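Participant: Handing you this structure, nothing more for now.
The values are calculated or read from the model by the stated rules, or taken from the named source; none is laboratory data. Keep in mind the model is a prediction, meaning the values are calculated, not measured. A quick note on method: Cβ atoms are made from the backbone with ideal geometry, for glycine too, and the neighbour counts reach across all protein chains shown. Side chains are part of the model used for accessible areas, which takes the heavy atoms of the whole protein and leaves out ligands, DNA and RNA. Shrake-Rupley method; radii C 1.70, N 1.55, O 1.52, S 1.80 Å.
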Amino acid sequence: MSLERKIRILIASPGLDGHDRGAKVVARALRDAGMEVIYLGIHRTTEEVVSSAIQEGVDFIGLSMLSGAHVILAEQVLEKMKEEKINDIPLIVGGTIPKRDIKILMEMGVGLVFPTQTPLETITKGIKDYRSSHNSY
């Protein structure tokens, strides 16, 4: 029997988005699924998100966005991650994401996209499956 290390995930709402109920619900579901969650809250800057990810040694960065600025903010976070040489950490984007933007986000380098109303079980399974298929730890 091998002891698998817990998945560590940082969750934040970047920019001016002041809604966090969904992020809190997802954070709780991820904890209930055995993951370690670092929740930064709302109004986080790109620098805060990336700096915290480095400090916490996370396996995933999750952005919760309802403001409609998901493409721009994801692009900024991905760029900062590249600058800080942590672009091997998968970025997850969730929230109010129109179907047409899912492909754009994925082509930019976002690892997983979970639009509003995605079942919590789908989110936890998606993260676990992503880890299993992309990492050897």
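Participant: Got a number for residues in the range 70-86 being open to solvent by 30 Å² or more (accessible area, probe 1.4 Å), in contact (Cβ under 8 Å) with a residue 12 or more places away in the chain and part of a loop (DSSP other than H, G, I, E, B)?
Facilitator: Matching residues across the range 70-86 total 1.
Participant: Please verify whether E48 is touching a strand residue (DSSP E or B) at 6+ places or on another chain (Cβ under 7 Å), free of Cβ contacts under 8 Å to residues at least 40 places away in the same chain, outside any strand (DSSP E or B) and surrounded by fewer than 17 Cβ atoms within 10 Å (Cβ to Cβ), treating the condition exactly as stated.
Facilitator: yes
Participant: Looking at the range 8-63, which of the residues that are at pLDDT below 95 and among the hydroxyl-bearing types (S, T, Y) is farthest from L91 (Cα to Cα)?
Facilitator: Step by step, filter the range 8-63, then rank; the result is T45.
Participant: Do we find a residue being open to solvent by 20 Å² or more (accessible area, probe 1.4 Å), without any contact (Cβ under 8 Å) to a residue 12 or more places away in the chain and among the small types (G, A, S) anywhere in the range 114-134?
Facilitator: yes
Participant: Does the range 17-24 include one or more residues that are part of a loop (DSSP other than H, G, I, E, B), open to solvent by less than 20 Å² (accessible area, probe 1.4 Å) and more than 20 Å from Y130 (Cβ to Cβ)?
Facilitator: So far as the range 17-24 goes, yes, one or more of its residues are part of a loop (DSSP other than H, G, I, E, B), open to solvent by less than 20 Å² (accessible area, probe 1.4 Å) and more than 20 Å from Y130 (Cβ to Cβ).
Participant: Looking for whichever is crowded, with 17+ Cβ neighbours inside 10 Å, under 16 Å from L30 (Cβ atoms) and of a type in the set (D, E) here; the options are D59, D101. Which one fits?
Facilitator: Exactly one residue qualifies, and that residue is D59.
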